[in-house]
Amino acid sequence: MNQIVGIRHEDKYVMERRVAVIPQHVKRLESEGIKFLIQYSPKRIFGHEAFEEAGARIVQSLNDAPVIIGVKEIPVETFEKGKTYMFFSHVIKGQKHNMPMLRAMMEKQCQLIDYEKIENQEKKRLIFFGRYAGLAGMINSLWSYGQRLEVMGIDNPFSGLRQTHTYKSLEDARQAVSEVGKYIAENGLPDELCPMVIGFTGYGNVSKGAQEIAHLLPSIEITPAKLLEKGGVKPLKHLIYKVVFKESDLSLHKLGVEPFDLQHYYKHPEEYKNQFEQYIPHLSILMNCMYWDTKYPRIVTKDALLKLYTKGEPRLKVIGDVTCDPDGSIECTHKGTEIEDPVFVYDPLKQKTTNGFGGNGILVMAVDILPSELPRDASEAFSEALLPYLKSIITADYTLSFDELKLPGPIKNALILHHGKLTPDYQYIAKYL
């Protein structure tokens, strides 16, 4: 029975500071006989001393660890034969850029457990950073809104906010947003910003996290239909409008079939078309927080933005693309951005982008690793959710056949590779290889 596990250094992004297992939980498992090898990292949010005090060893190499745990994708050249890896692999949609990594794991006869597929019987994810992506995404988007308005010469109460990672903690960031909310309640918004409307696509963990921050501002929630009423919404100075969009608001059956059938939409997305464009002119900030796949209609197309901007400067100033699918649901998100260079402006007329807050067009905030802007809070919550499964994952006998392999149900269902072969639920990925 294996009792050794390695925690790897995160090397995909310069500012990736999260860790999947925090020192507190390392200490608990060390007391139960598990031995942790922590790969040296100069940037991890928890220092080496904290892990050493928990009983772990700091090492340069994880050669001695049969099971290796990380957060983000692992470089192709680092995989070792027969080992078990657990991380966010981003392969379940056949993502082209990660197929070489998956092929390397198959050639090395590795096991791959993907956090994204650790689900309960209702298919709800159990191990996730989603809430923290939403929290950081909303803070960043309000900051971006303030900076964009400032560049445009519009004084506004959001200009004093900062990017999420510059705050010491989530609580400090929340306090800063609350102060803005207090200012708006007492002094109001500039006339040219009224009515201010924040739209949210989706209603899962990411959207809830984003809404959690938005609720620190004085706000009222309205339905999408309210935006389309004759005369629109009243331009209130001391309140912000919040709107949550569901699948039925985003897409419409091509033949106009009513009522909207969610399960039919999931099974036959090719029969639906986008109807979100009608809401875009009424929004000030759009928070894109929902799961998306290429088989579904896009939410915001380049053509829709072109129509919007040919009519002059629109109300919509910022898209917070938390979903961050390059060339995906927000078509002008041509790439995921990094924490140190988080925003760009897309010019629909010229179809060109400019890094930073200046330039003509719509500002897009599309940081690919938003939870790492709240590395301590996010790591603690993630590790707490992962802890009940860790010992079983580490001590499992992966030499057994897939049918004989003893793992908790949610973990076994998230096993994408076993002995380098796609497991039954993931055979479909073969067509992308």
Fully extended, how many nm does the chain gain between L236 and M152 (0.36 nm per residue separation, minus their Cα-Cα distance)? 28.1 nm
Assigned charges on the beta-carbon of Lys, Arg, Asp, Glu; the chain dipole about Cα centre (debye): 440
Specify whether the C-alpha gyration tensor of segment 130-373 places it in the rounded, prolate or oblate class, a ≥ b ≥ c being the square roots of the eigenvalues: rounded for a/c under 1.5, otherwise prolate if a/b is larger than b/c and oblate if not. rounded
Output ordering of 226-236, 245-255, 185-195 (per-residue mean of other Cβ within 10 Å, highest first) is 245-255, 185-195, 226-236
Sequence gap at least 6, Cα distance under 8 Å: using those rules, report the relative contact order of the chain to the nearest whole percent. 19
Going by amide H atoms built from the backbone, whose H comes under 5 Å of the H on F200, apart from near neighbours? V243, V244, F245, M287
Taking Cα pairs under 8 Å and at least six residues apart, what relative contact order does segment 135-273 come out at, in percent? 23
Mind checking the full-extension length gain between E107 and E171? Use 0.36 nm per residue of separation minus the Cα-Cα distance, one decimal, nm. 18.5 nm
CD proxy at 222 nm, helix term only [per DSSP H run n ≥ 4: -39500 (n - 2.57); per residue of the chain; nearest 500]: -8000 deg cm²/dmol
Quick one: Debye curve from the C-alpha atoms of the chain, no solvent, what's log10 I(q)/I(0) at q = 0.08 Å⁻¹? -0.49
In terms of modelled amide H atoms, which long-range or inter-chain residues lie less than 5 Å from the amide H of I4? K35
For the peptides 342-352, 409-419, what is the packing order when you average, over each peptide's residues, the other Cβ atoms within 10 Å and list the highest mean first? 409-419, 342-352
Relative contact order computed over segment 206-363 (Cα-Cα under 8 Å; 6+ residues apart), in percent: 17
With a ≥ b ≥ c the root eigenvalues of the C-alpha gyration tensor of segment 263-339, is it rounded (a/c under 1.5), prolate (a/b larger than b/c) or oblate? oblate
Through the Karplus equation 6.51 cos²θ - 1.76 cosθ + 1.60, θ set to phi - 60°, convert the phi angles of segment 311-320 into ³J(HN,Hα) values in whole Hz; use x for Gly and Pro. 8, x, 5, x, 5, 5, 10, 9, 10, x
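Bear in mind these aren't lab numbers, they're just calculated from the coordinates by the rules spelled out. Given the structure is predicted, the values throughout are model-derived calculations rather than measurements. Because the Cβ atoms are built from the backbone with ideal geometry, glycine has one as well, and the counts that use them run over all protein chains shown.
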